[in-house]
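The values are calculated or read from the model by the stated rules, or taken from the named source; none is laboratory data. The model shown is predicted, which means the values in this text are computed figures rather than measured ones. With ideal geometry, Cβ positions are generated from the backbone for all residues, glycine too; neighbour counts draw on all protein chains shown. SASA here: full protein model, heavy atoms, side chains in, ligands and nucleic acids out. Shrake-Rupley method; radii C 1.70, N 1.55, O 1.52, S 1.80 Å.
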Amino acid sequence: MYVLKLSTIQENETIIKKSVDILNNGGIIAIPTDTVYGFAALASNEKAIERLYKVKEREKNKSIAVLLGDSAQAKLVTDDFSQSADRITQKFWPGGLTVIVKKRNGLPPNISQQDTIGIRIPDHEFVRTLICVSGPLAVTSANHSGLPPATSVSEFENALGDQLDLIVDGGKTAGGIPSTVVDCT
């Protein structure tokens, strides 16, 4: 496991390259967002998503949200981006808003047991840049299920860090609370 701190633009580009390499090889990374820290895997990798459930100790009937780098990536996870979803996301993305939309066929079935999926674009420049390079990420808050979400690396590193392939340390997150969820189906 590696811990890399966000700092200069040039160093952050190196962290993006390392993160994408790990993600492309089925790895799990911890990333800061605009709300809380999250554990992330490629949204297209069923085995990596399975690892997310194990690390998180999450029940399989609970879906995992997908973070996007930009609104164009929505078409990679949904074929039905409704007018209501479009209106609300234009106002609140990037930011702490997750919208529930119909799940696109072809996504790993373990990302959501339902025919819907939660998606959002975080208001965190590094994470959006990472996702634009890697593709959509399945992300769950960085904690064991039932415990408070982490707003700093120190809150999960000792208990869960050895189960991760990379921790990106961006300091304390600004938001401190998980995103608001709106059903737009």
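Think of region 43-185 as a dipole: +1 on every Lys or Arg Cβ, -1 on every Asp or Glu Cβ, centred on the Cα centre; then among 113, 171, 129, 113 lies furthest on the positive end. Helical content alone sets the calculated 222 nm signal of the chain at -8000 deg cm²/dmol, taking -39,500 (n - 2.57) per DSSP H segment of four or more residues and averaging over every residue. Is the shape of region 1-131 best called rounded, prolate or oblate, per the rule: a/c under 1.5 gives rounded, else a/b larger than b/c gives prolate, else oblate, with a ≥ b ≥ c the square roots of the Cα gyration tensor eigenvalues? Taking the square roots of the gyration eigenvalues as a ≥ b ≥ c, region 1-131 is oblate. Counting 0.36 nm for each residue step from residue 159 to residue 113 and taking away their Cα separation leaves a gain of 13.8 nm. Taking the 1.4 Å solvent-accessible surface of region 14-60 as the whole, the part contributed by carbon and sulfur is 46%.
Full extension of the segment from residue 90 to residue 72, taken as 0.36 nm per residue of separation minus the current Cα-Cα distance, would add 5.3 nm. Heavy-atom accessible surface of residue 67, to the nearest 10 Å², is about 10 Å², with a 1.4 Å probe and all protein chains retained. Expressed as a whole percent, the accessible area of region 77-137 that falls on carbon and sulfur atoms is 44 (1.4 Å probe). A viscosity of 0.692 mPa s and a temperature of 37 °C, combined with the Kirkwood radius over Cα pairs in Stokes-Einstein, give a translational diffusion coefficient for region 66-123 of 288 µm²/s. Think of each Lys and Arg Cβ as +1 and each Asp and Glu Cβ as -1; about the Cα centre, that makes the dipole of the chain roughly 300 debye.
Ordered by solvent-accessible area of protein heavy atoms (1.4 Å probe), largest first, the residues 184, 132 come out as 132, 184. Probing with 1.4 Å while keeping every protein chain in the model, the per residue accessible area of the chain equals 48 Å². Region 132-185 and region 1-50 have Cα centres separated by 11 Å.
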